[in-house]
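To keep things clear, I will list the structure first and then write my remarks on it.
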Amino acid sequence: MMKAATYVSAGVLELTEKEKPHVIKPTDAVVRMVKSTICGTDLHILGGDVPACKPGTTLGHEAIGIVEEVGDAVNNFKVGDKVIVSCVTACNTCYYCKNQLPSHCEDGGWILGHLIEGTQAEYIHIPHADGSLYHAPESVSDEALVMLSDILPTSYEIGVQPSHVKPGDTVCIVGAGPIGLAALLTVQFYSPSRIIMVDLSESRLEASKEFGATDTVLSTTTEEVKAKIDELTGGRGVDIVFECVGYPATFDICQKVVSIGGHISNVGVHGKPVEFDLQDLWIKNITLSTGLVNANTTEMLLEVLKSGKIDATKLVTHHFKLSEIQEAYKVFKAAEENHTLKVIIENDLS
């Protein structure tokens, strides 16, 4: 048996006892969790906002660990390997995987901690291990490696890449939470001239300056934010704006501050409809992109971490043991009060 952080019902998380997973199919692996983390999506699930995730499910879709068992058809990993667990499960053979969209894999996608048992447990069952795990080098810290499970690929693939940001561009990131700060780190690969962070939290705006933001705007009303950004950009607006929150109000800020010929990258997870001002935007030659992370840049981003070009450990502010998972959720949920960015959950039980 093992312990697992279990979504019991809306608002209720418990560390429950479950049967330790084992290999079911030849392509499976079982990984002993070493370190995991909590995502904003986990909070949405815990709040009852994701009906597809059923009560009784182990939460979490990010981790690093040690391979405990592999199926006969697993070719790239063996028992004892240290691995990064991707938030996306990829079979590598279906239509979507072959078309570089493993987030929509016909036998995978985002299923960990959503449709199947997740990573916030002593042991993790990994379907399609060859397409869903990455070798973890000893030269990169564990905490930085955990950031490769989700937030760095998500910010880069859904925010930065589709925006076609260029050296000298003006960038605005709406939302200075973990995903917004990850976008702030990865957009600097392309040397924008100005990076403006917008958030409700004074502490997160202060943190963003340490990550490379050139300007910060405290989010009040959309009109006040637009006026401040117009002041910073000479009334032109921003070339690139990333929506990294997932609320109608934050999306509205994005469509109000984007420049003629600009790009809106929607990274946030939206649970409600937004108003899209097409009557104003159609004439501005803007582009809007959105999507779900495919994790096909994980190995490239790993090379960046190995080179020391960015320090992903700066995203981590709190540390907990797996036995303290309920307290970890409380601290992560009260992010403003606790000045929380990402938390690290260490397996102290096995």
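The values are calculated or read from the model by the stated rules, or taken from the named source; none is laboratory data. As the structure is a computational prediction, the values presented were derived from the model and not from experiment. Reconstructed Cβ throughout: ideal geometry from the backbone, glycine too, with neighbour counts over all protein chains shown. Each accessible area value is taken on the protein alone, full model and side chains, heavy atoms only, with ligands, DNA and RNA left out. Shrake-Rupley method; radii C 1.70, N 1.55, O 1.52, S 1.80 Å.
Can you name every residue in region 191-231 that is outside any strand (DSSP E or B), open to solvent by 10 Å² or more (accessible area, probe 1.4 Å) and among the aliphatic types (A, V, I, L, M)? Of everything in region 191-231, those that are outside any strand (DSSP E or B), open to solvent by 10 Å² or more (accessible area, probe 1.4 Å) and among the aliphatic types (A, V, I, L, M) turn out to be 200, 207, 213, 227. For region 327-350, taking the residues that are among the hydrophobic types (A, V, I, L, M, F, W, C) and over 21 Å from residue 199 (Cβ atoms), the one that is nearest to the chain's Cα centre (by Cα) is identified as 344. Of all residues in region 1-30, those satisfying the criterion of being among the small types (Gly, Ala, Ser) and open to solvent by 20 Å² or more (accessible area, probe 1.4 Å) are 9, 10, 11. So, in region 31-47, of the ones that are out of contact with any helix residue (DSSP H, G or I) (no Cβ under 7 Å at 6 or more places or on another chain) and open to solvent by 40 Å² or more (accessible area, probe 1.4 Å), which residue ends up farthest from residue 115 (Cα to Cα)? Among residues in region 31-47 that are out of contact with any helix residue (DSSP H, G or I) (no Cβ under 7 Å at 6 or more places or on another chain) and open to solvent by 40 Å² or more (accessible area, probe 1.4 Å), the one farthest from residue 115 (Cα to Cα) is 32. Residue 91 passes every criterion in (1) open to solvent by 20 Å² or more (accessible area, probe 1.4 Å); (2) of a type outside the set (S, T, N, Q); (3) out of contact with any strand residue (DSSP E or B) (no Cβ under 9 Å at 6 or more places or on another chain); (4) in a helix (DSSP H, G or I) apart from (4).
Pairs please, first residue from region 305-334 and touching a residue at least 40 places away in the same chain (Cβ under 8 Å), second anywhere and of a type in the set (Lys, Arg), Cβ atoms under 9 Å, 6+ apart in sequence or on different chains. Note: pairs meeting the criteria are 315/342; 316/342; 322/3; 323/3; 325/3; 328/321; 332/342.
Okay, residues lined up against (1) in contact with a His (Cβ under 9 Å, 6 or more places away or on another chain); (2) aliphatic (A, V, I, L, M); (3) open to solvent by 10 Å² or more (accessible area, probe 1.4 Å); (4) touching a residue at least 60 places away in the same chain (Cβ under 8 Å):
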residue	(1), (2), (3), (4)
71	no, no, no, no
81	yes, no, yes, no
111	yes, yes, yes, no
125	yes, no, yes, yes
129	no, yes, no, yes
133	no, yes, no, yes
139	no, no, yes, yes
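Listed by position, the strands (runs of 3 or more DSSP E) contained in region 1-87 that have at least 3 residues being within 21 Å of residue 148 (Cα to Cα) are 29-37, 63-70, 82-85. Quick check: is even one residue across region 260-281 small (Gly, Ala, Ser), at pLDDT below 95 and touching a Leu at 6+ places or on another chain (Cβ under 8 Å)? There is no residue in region 260-281 that is small (Gly, Ala, Ser), at pLDDT below 95 and touching a Leu at 6+ places or on another chain (Cβ under 8 Å).
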